[in-house]
Amino acid sequence: YREDWLGYTSSRGDWIDGSARPIIDVPSSLSSTATVLQLPDQYSSSAVFLELRCGGSAAKGLYIKSYVNTATSCVVKDCATTATGSCYYGPGSAFGCSASGGAKYGYFYNIMPTQCSAHDADIGFYMSYVNETCYSCLAVDCTTYGFYSTGDSAVHFGCVAEGCGQGFNLRSRNSTYQCGAANCTTGFQMPIAGTLQNCWAYNNTTNQNATTGENYLVNFQELSSDPFESATDLRINDAAAGGALLAAKGIGFAGGTQTSYSDNNA
C-alpha cells in the first residue's frame, strides 16, 4: 500500500508557502529509542512538510525505508548521538530537508539528498553505498565530517561544508564538482583516487590533502576572502577575492549551450 504524510499549516496544500509545519514531538522525558516515523517498504510513499522532534534519544527520526520513497521539506531535530542516531535514514530520497540538533548522522544509509542541510551533527552526510549522489547540500558545524563518503563512486555536486572538522572526506573514488569548504580543519581529504572539479576552499587549517596527486585537482581555487554574506547567511557575496570568484562559474544548462550558469555554492 501507499502511505503519504502531508503536512499543512491551515489548509491542505499550503506547505509550499513555507509556513509553520505540524510537529510530531517525542518528549525527552520518555528517553525513547524508537523510530519516530517510518514509511512502508513498498509502492512510493512520502513524508511532506513535517517537523519531527526526536527527544535526544530516538534512533531514527524519519526512516524513508524504500528506494521509491521520498521526504520533502521536512525538519528532523535532536536524534540520538549514539552510533545508531540518524535524522534521515534510507534508502530513499530527501528533497529540501533539514537535520539539526546533535545527531550522530544527519543523513545516512543509501540515501539521495538534494538541497538538504545538516547542522550540528557528528557526520552531516554519510554516503556509504555505491553510486550515491548528494546534490546542492549544506553541512554546518558538523563535528567530525560534513560529508563522509565510503561508498565507491559517490558523487557530490554543488555542496558546501562550513565550520566542520573535515569538510569532505572522500574515501573511495568519489567525484566532487562545484563544492566548497570553509572554516574547517581540513577542507577536502582524499586518501583514495578522488576528483575535485571546480571546487574551492577558504580559511581551512588545511584546504586540501590530495594524497593521490595534483592531477586530481581540476580548477581548484583557494580563496583569500570570505565568500559568504555572513556566518549565518551562506549566500555568496560580491567580494573580489571571495564570492565573486564563485558567481556564475558553474556548469550551465546542457553543457553551457545557453546563457544559464550556476554559482559554485550550495
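The values are calculated or read from the model by the stated rules, or taken from the named source; none is laboratory data. Keep in mind that what you see is a predicted model, and the values were worked out from it rather than measured. Backbone-built Cβ (ideal geometry, glycine too); neighbour counts: all protein chains shown. Calculation scope for accessible area: heavy atoms of the full protein, side chains included, ligands and nucleic acids excluded. Shrake-Rupley method; radii C 1.70, N 1.55, O 1.52, S 1.80 Å.
From the set of residues in the stretch 169-198 that are of a type in the set (S, T, N, Q) and assigned to a strand (DSSP E or B), which is most open to solvent (accessible area, probe 1.4 Å)?
Taking the stretch 169-198 and keeping what is of a type in the set (S, T, N, Q), we get 169, 172, 174-176, 178, 183, 185-186, 189, 195, 197-198.
Now restrict to residues that are assigned to a strand (DSSP E or B): 169, 175-176, 186, 189, 195, 197.
Working: Asn169: 4, Ser175: 29, Thr176: 0, Thr186: 19, Gln189: 36, Thr195: 37, Gln197: 69 Å².
Looking at the filtered set, the residue picked out is Gln197.
Name the residue, out of Cys116, Cys164, that is of a type outside the set (Asp, Glu) and closer than 30 Å to Ser44 by Cα. I'd like the intermediate steps shown before the answer.
On the way: Cys164 fails: closer than 30 Å to Ser44 by Cα.
Checking each option against the conditions leaves just Cys116.
Report yes if Gly180 is within 19 Å of Asp122 (Cβ to Cβ) and either at pLDDT 95 or above or touching a Leu at 6+ places or on another chain (Cβ under 8 Å) (or both), otherwise no. Working first, answer last.
On the way: within 19 Å of Asp122 (Cβ to Cβ): no; either at pLDDT 95 or above or touching a Leu at 6+ places or on another chain (Cβ under 8 Å) (or both): yes.
No, not satisfied.
I'm trying to understand the selection: among the residues of the stretch 200-235, which are out of contact with any strand residue (DSSP E or B) (no Cβ under 6 Å at 6 or more places or on another chain), modelled with pLDDT of 95 or more and open to solvent by less than 30 Å² (accessible area, probe 1.4 Å)?
Phe228
In the stretch 93-137, which residue that is crowded, with 24+ Cβ neighbours inside 10 Å and touching a Pro at 6+ places or on another chain (Cβ under 8 Å) is farthest from Ile251 (Cα to Cα)?
Taking the candidates together, the pick is Tyr107.
Residue-by-condition table, conditions (1) under 24 Å from Val140 (Cβ atoms); (2) within 16 Å of the chain's Cα centre (by Cα); (3) among the small types (Gly, Ala, Ser); (4) not in a loop (DSSP other than H, G, I, E, B):
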{"site": "Ser29", "(1), (2), (3), (4)": "no, no, yes, yes"}
{"site": "Asp41", "(1), (2), (3), (4)": "no, no, no, no"}
{"site": "Leu52", "(1), (2), (3), (4)": "yes, no, no, yes"}
{"site": "Ser57", "(1), (2), (3), (4)": "yes, no, yes, no"}
{"site": "Thr82", "(1), (2), (3), (4)": "yes, no, no, no"}
{"site": "Ala94", "(1), (2), (3), (4)": "yes, yes, yes, yes"}
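Given the structure, is Gly55 touching a residue at least 24 places away in the same chain (Cβ under 8 Å), open to solvent by 10 Å² or more (accessible area, probe 1.4 Å) and of a type outside the set (Val, Ile, Thr)?
Working: touching a residue at least 24 places away in the same chain (Cβ under 8 Å): yes; open to solvent by 10 Å² or more (accessible area, probe 1.4 Å): yes; of a type outside the set (Val, Ile, Thr): yes.
So Gly55 fits the description; yes.
For Gly90, indicate whether it is buried (at least 24 other Cβ atoms within 10 Å of the Cβ), more than 13 Å from the chain's Cα centre (by Cα), within 21 Å of Leu37 (Cα to Cα) and small (Gly, Ala, Ser). Working first, answer last.
Details: buried (at least 24 other Cβ atoms within 10 Å of the Cβ): yes; more than 13 Å from the chain's Cα centre (by Cα): yes; within 21 Å of Leu37 (Cα to Cα): yes; small (Gly, Ala, Ser): yes.
The answer is yes for Gly90.
Yes/no per residue for (1) crowded, with 24+ Cβ neighbours inside 10 Å; (2) in contact with a Lys or Arg (Cβ under 8 Å, 6 or more places away or on another chain):
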| position | (1), (2) |
| --- | --- |
| Val75 | no, yes |
| Thr82 | no, yes |
| Ser86 | yes, yes |
| Thr144 | no, no |
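Can you tell me which of (1) touching a Gly at 6+ places or on another chain (Cβ under 8 Å); (2) at pLDDT below 95 is the one Gln115 doesn't meet?
Gln115 satisfies all of (1) touching a Gly at 6+ places or on another chain (Cβ under 8 Å); (2) at pLDDT below 95 except (2).
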